[in-house]
Amino acid sequence: MVAGHIEKRPEVPLLVASTLLVPGYIDTEEVFRIASFISGWDPDIPYSLLGFSAQFMMSDLPTTTKVQAGECLEAAREAGLRRVRIGNAHLLA
């Protein structure tokens, strides 16, 4: 399993998990459950929470807010992950 090799290359990880924070579809409870699953393998697996910005066919959905992203970040940390970050924060509303 790749998760067993995380400590061998911490600077440029072999594995990075990510979740696209689509408002109305992904909430803090779901992020907590995903992060708990990942943490069960290794709490040092990097996890990126990605802001959603409506494009093309999904233009009827709102952009991820800073509040939602912050709450999801906290939920992932509460689940035990140590290397969590918000990616593409410039898209957050």
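Every number here is computed from the coordinates shown, using simple stated rules; none is lab data. Since we're looking at a predicted model, the values are computed, not measured.
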- Query: Roughly what % of Cα-Cα distances in the chain sit above 16 Å, to the whole percent?
  - Reply: 52
- Relative to the first principal axis of the alpha-carbon coordinates of the chain, what is the inclination of helix 66-78, with its axis defined by its Cα atoms, in degrees from 0 to 90 and to the nearest 10? 20
- Message: Please report the antiparallel percentage of the DSSP beta bridges confined to the chain, to the nearest 5.
- Response: 0
- Message: Using amide H atoms built in the peptide plane, which far-off residues or other-chain residues are under 5 Å from Ile86 H to H?
- Response: Leu49
- the chain, Gaussian network, Cα under 10 Å: of Pro23, Pro46, Pro62, the residue fluctuating most is Pro62
